[in-house]
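Trainee: My questions will all concern the structure given below.
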Amino acid sequence: MTIDLATFERGRKYKGHYRRDLKAVQIRLKHIQVAYIVHGRAAIVMFEGWDAAGKGGIIQRLTARWDPRNYEVWPIAAPSDEEKKHSFLWRFRRRLPRAGDIAVFDRSWYGRVLVERVEAFATPEEWDRGYGEINAFEAKLVEGGTTLLKLFVHVSRAEQDKRLRARLTNPWKRWKTGLDDYRNRDKRPAYLAAMHDMFARTDTAIAPWHVIDGNDKKAARIAALTWIADRLEEGAPMDPPALDPAVEKVAREALG
């Protein structure tokens, strides 16, 4: 399927009851995490998108009701000196979830074909080879039983600029911005080209992409969390766990 990011810039305001709908989908997600724990299933929820697109806000609400013992959020930055000694996928293989756990990646292995391509941190041969390496990596994950979700959060340039301004004027948001935001902004056409190539070459049947229109934050959060819940429910039986008869017997004796 061809993905054109220009079709995800409508930014329609959320029409529902935001707080009520958010609570409802978060309760769904809480039950889903329990299902993954008790059935020993693993999942990866992976986010890519523009600076200031709202990935962090979605992740905060995604994990708000999850038991911290069974999920991990991995914020991905530039590789360390140690990580540079290995294949670009090495550091991600070390962060894969165990059975019963969910891993959330705030940026991912797609840095090879996005920032590393645009900023020339990888050679053309390296990032071109990266598409096939990524597809093989993801296929192995899925074939091994891991549920893999790939989300891209998109915002228009005008909306991104509005949010970058807010990070300057609000003193409690200044920590979220830096020179990289503006270097990336200046290279938006190059990043768009890289993103469209990424979709064309890695939107596979076994690991498809899903794009979120992030221009309205509330609508984006509900859309993202609902899609995540729908897809995660496909990866584990959703019947609540049975009560262990031995536990029930002891509990009734103890509690009356």
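Trainee: Enumerate the helices (runs of 4 or more DSSP H) found wholly within the range 66-145, keeping only those where 3 or more residues are surrounded by fewer than 17 Cβ atoms within 10 Å (Cβ to Cβ). Write out each step before concluding.
Mentor: On the way: elements: 90-93, 115-118, 124-143.
Here the list reads 124-143.
Trainee: Let me ask something else about it. I need a count of the residues in the range 1-48 that are of a type in the set (Val, Ile, Thr), open to solvent by 70 Å² or more (accessible area, probe 1.4 Å) and closer than 24 Å to Tyr71 by Cα. So that I can check it myself, show each step before the final result.
Mentor: Within the range 1-48, the first condition is being of a type in the set (Val, Ile, Thr), and the residues that meet it are 2-3, 7, 25, 27, 32, 34, 37-38, 44-45.
Then drop every residue that is not open to solvent by 70 Å² or more (accessible area, probe 1.4 Å), which leaves 2, 7, 38.
When the remaining residues are screened for being closer than 24 Å to Tyr71 by Cα, the result is 38.
Of the residues in that region, 1 qualify.
Trainee: What's the number of the only condition in (1) among the charged types (D, E, K, R); (2) modelled with pLDDT of 95 or more; (3) touching a Leu at 6+ places or on another chain (Cβ under 8 Å) that Asp230 fails to meet?
Mentor: Evaluating Asp230 over (1) among the charged types (D, E, K, R); (2) modelled with pLDDT of 95 or more; (3) touching a Leu at 6+ places or on another chain (Cβ under 8 Å) leaves (3) as the failure.
Trainee: Do you know which of the residues in the range 209-256 that are acidic (Asp, Glu), open to solvent by 50 Å² or more (accessible area, probe 1.4 Å) and farther than 30 Å from Tyr131 by Cβ is nearest to the chain's Cα centre (by Cα)?
Mentor: Restricting attention to the range 209-256, the residues satisfying the condition of being acidic (Asp, Glu) are 213, 216, 230, 233-234, 239, 244, 248, 253.
Next, only the ones that are open to solvent by 50 Å² or more (accessible area, probe 1.4 Å) stay: 230, 233-234, 239, 244, 248, 253.
From the residues that got through so far, the ones that are farther than 30 Å from Tyr131 by Cβ too are 239, 244, 248, 253.
Working: Asp239: 25, Asp244: 35, Glu248: 39, Glu253: 46 Å.
This residue is Asp239.
Trainee: Which ones in the range 1-43 are of a type in the set (A, V, I, L, M, F, W, C) and closer than 29 Å to Leu164 by Cβ? I'd like the intermediate steps shown before the answer.
Mentor: First, pick out the residues of the range 1-43 that are of a type in the set (A, V, I, L, M, F, W, C): 1, 3, 5-6, 8, 22, 24-25, 27, 29, 32, 34-35, 37-38, 42-43.
Result: Ile3, Leu5, Ala6, Phe8, Leu22, Val25.
Trainee: Is it true that Ala53 is of a type in the set (Gly, Ala, Ser), closer than 29 Å to Lys187 by Cα and surrounded by fewer than 13 Cβ atoms within 10 Å (Cβ to Cβ)?
Mentor: Numbers: of a type in the set (Gly, Ala, Ser): yes; closer than 29 Å to Lys187 by Cα: yes; surrounded by fewer than 13 Cβ atoms within 10 Å (Cβ to Cβ): no.
Considered against the rule, which asks whether it is of a type in the set (Gly, Ala, Ser), closer than 29 Å to Lys187 by Cα and surrounded by fewer than 13 Cβ atoms within 10 Å (Cβ to Cβ), Ala53 comes out as no.
Trainee: Moving to a separate point now. Taking Ala200 as meeting all but one of (1) in a helix (DSSP H, G or I); (2) free of Cβ contacts under 8 Å to residues at least 24 places away in the same chain; (3) exposed (fewer than 13 other Cβ atoms within 10 Å of the Cβ), write down the number of the exception.
Mentor: Single failed check for Ala200: (2).
Trainee: Moving to a separate point now. With the structure loaded, tell me whether Leu243 is more than 16 Å from Ala53 (Cβ to Cβ) and assigned to a helix (DSSP H, G or I) or whether it fails that test. Working first, answer last.
Mentor: Details: more than 16 Å from Ala53 (Cβ to Cβ): yes; assigned to a helix (DSSP H, G or I): no.
Spelling it out, it is not the case that Leu243 is more than 16 Å from Ala53 (Cβ to Cβ) and assigned to a helix (DSSP H, G or I).
Trainee: Hey, does the range 43-58 have a residue that's modelled with pLDDT of 95 or more and either among the polar types (S, T, N, Q) or more than 17 Å from the chain's Cα centre (by Cα) (or both)?
Mentor: Within the range 43-58 (the criterion being modelled with pLDDT of 95 or more and either among the polar types (S, T, N, Q) or more than 17 Å from the chain's Cα centre (by Cα) (or both)), the answer is no, since none of the residues qualifies.
Trainee: Right, another one. Select from the range 56-65 the residues that are out of contact with any strand residue (DSSP E or B) (no Cβ under 7 Å at 6 or more places or on another chain) and outside any helix (DSSP H, G or I) and write down the one among them that is least open to solvent (accessible area, probe 1.4 Å).
Mentor: My answer is Ala64.
Trainee: Please go through the range 54-82 and pick out each residue that is under 19 Å from Ile212 (Cα atoms) and hydrophobic (A, V, I, L, M, F, W, C).
Mentor: Ile58, Ile59, Leu62
Trainee: Which residue is farthest from the chain's Cα centre (by Cα), if the candidates are limited to the range 174-195 and must be farther than 28 Å from Ile3 by Cα and surrounded by 15 or more Cβ atoms within 10 Å (Cβ to Cβ)?
Mentor: Thr177
Trainee: Given the criteria among the basic types (Lys, Arg) and open to solvent by 70 Å² or more (accessible area, probe 1.4 Å), does Lys162 qualify? Explain how you work it out, then say what you get.
Mentor: Values: among the basic types (Lys, Arg): yes; open to solvent by 70 Å² or more (accessible area, probe 1.4 Å): yes.
Spelling it out, Lys162 is indeed among the basic types (Lys, Arg) and open to solvent by 70 Å² or more (accessible area, probe 1.4 Å).
The values are calculated or read from the model by the stated rules, or taken from the named source; none is laboratory data. In this text the structure is predicted, and so the values were computed from the model without any measurement. Cβ sites come from the backbone with ideal geometry, for glycine too, and all protein chains shown count toward neighbours. Accessible surface is based on the protein model in full, side chains and every heavy atom, while ligands, DNA and RNA are left aside. Shrake-Rupley method; radii C 1.70, N 1.55, O 1.52, S 1.80 Å.
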